[in-house]
1. Of (1) open to solvent by 60 Å² or more (accessible area, probe 1.4 Å); (2) under 30 Å from residue 307 (Cβ atoms), residue 118 satisfies all except one. Which?
2. Just to be sure, is residue 150 of a type in the set (Gly, Ala, Ser), part of a helix (DSSP H, G or I), surrounded by fewer than 20 Cβ atoms within 10 Å (Cβ to Cβ) and out of contact with any strand residue (DSSP E or B) (no Cβ under 8 Å at 6 or more places or on another chain)?
3. Name every residue in the range 246-262 that is farther than 15 Å from residue 234 by Cβ and touching a Gly at 6+ places or on another chain (Cβ under 8 Å), in order of residue number.
4. In the set 199, 186, 158, which member is open to solvent by 20 Å² or more (accessible area, probe 1.4 Å), in contact with a strand residue (DSSP E or B) (Cβ under 7 Å, 6 or more places away or on another chain), assigned by the TED database to the domain that holds residue 51 and closer than 25 Å to residue 36 by Cα?
5. Tally time: how many residues in the range 204-230 are surrounded by fewer than 22 Cβ atoms within 10 Å (Cβ to Cβ) and more than 17 Å from residue 161 (Cα to Cα)?
6. Name the residue, out of 179, 143, that is acidic (Asp, Glu), surrounded by fewer than 18 Cβ atoms within 10 Å (Cβ to Cβ), part of a helix (DSSP H, G or I) and at negative phi.
7. I'm checking my understanding of the structure. Among residues of the range 231-242 that are of a type in the set (A, V, I, L, M, F, W, C) and open to solvent by less than 30 Å² (accessible area, probe 1.4 Å), which one is farthest from residue 169 (Cα to Cα)?
Amino acid sequence: MDIGDSVIAVSGLRRRYGPEGDGGFEAVRGVSFTVGRGEVFALLGTNGAGKTSTVELLEGLERPSGGEVRILGHDPFVERAAVRPRIGVMLQEGGFPSDLTVAETVRMWAGCTTGARPTEEALGMVGLTDRRSVRIKQLSGGERRRLDLALALLGRPEVLFLDEPTTGLDPEARHNTWELVRRLREDGTTVLLTTHYLEEAEALADRLAIMRQGEVVASGAPDEVIGAYPSRIRFAMPVGWFVGDLPPLAELGVEGHEESGGRIELRTRTLQRTLTGLLVWAREKDVELEGLDARTASLEEAFLAIAGGGGPGADAGSGVSVGAAAGAGKGE
């Protein structure tokens, strides 16, 4: 496999549990993508989509059932000794001796890490300096996640795997983690991120891939993925006015519309053109469009349509529930 300038290169990757045939299950089915140096790449999908199984293969924790993985030019399973010192891994849940303090835990981990950062530097990066003497069992869930991140960063990794890094964090800690990831990217660290927080992926990722049933079904820059879905304009007409009184919707660039509870929703891929035509009409008719709201599609809308089996023409609200998209869990 020619990886070119890619730091992570995945080609036709497969992972099967159990025997061939009906007695087994293929969790990863021919996944391919590349990640460049200094890039943040988000791997998204509902629970069971195959994200964690894919990441475990990239980390060298298991041998693929088929296909190839290269991390920094090496097979992470066969050449683990060459890869492990150059990567950092933050799992969904870490296991620490509960009676050790935060600082003791970091020092213990540093003893197993090549070229480890000083303990105080690692704790300072994740905002745990003032908790250095606290025992693990006394930490909150969010503080444990920050400690997980500190340990993943100890070895100054060239490639960093973050599996649900901000689960359990309060909003301030979450945004601090985002800023840390951005600084790491600026320093040339390559980051592969899995997350159920879609605003996190939209804020951090240079590119992303959405998985469904073990396959990558959409990929690209967040704006590219979102751009495949229509923008929405919502408003209410005054009493006595109806959607049929509007200019011909096709001429406004409207692809579809809905009426519910007295409100009208227009879907368009030419938001500026449609909104301008609508506002010009309203001015000419001296009509007030109550509660006017215009916005582009969000990553959440695109994700819900894609993960639920729809395409760019699908209703973004169909297929899977918001809870399935936003809930953090395992079993992938």
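The values are calculated or read from the model by the stated rules, or taken from the named source; none is laboratory data. Fair warning: this is a prediction, and the values are worked out from it, not measured in the lab. Here Cβ is always computed from backbone atoms with ideal geometry, including for glycine, and neighbour counts include all displayed protein chains. Note: accessible area is taken over every heavy atom of the protein model, side chains too, but ligands, DNA and RNA are not part of it. Shrake-Rupley method; radii C 1.70, N 1.55, O 1.52, S 1.80 Å.
1. (2)
2. No; evaluated as a whole, the condition is false for this residue.
3. 247, 251, 253
4. Result of the check over 199, 186, 158: 158.
5. Selection size over the range 204-230: 14.
6. Checking each option against the conditions leaves just 179.
7. 237
Conditions tested, residue by residue: (1) within 30 Å of residue 302 (Cβ to Cβ); (2) touching a Ser or Thr at 6+ places or on another chain (Cβ under 9 Å); (3) surrounded by 18 or more Cβ atoms within 10 Å (Cβ to Cβ).
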{"position": "37", "(1), (2), (3)": "yes, yes, no"}
{"position": "55", "(1), (2), (3)": "yes, yes, yes"}
{"position": "69", "(1), (2), (3)": "yes, yes, yes"}
{"position": "95", "(1), (2), (3)": "no, no, no"}
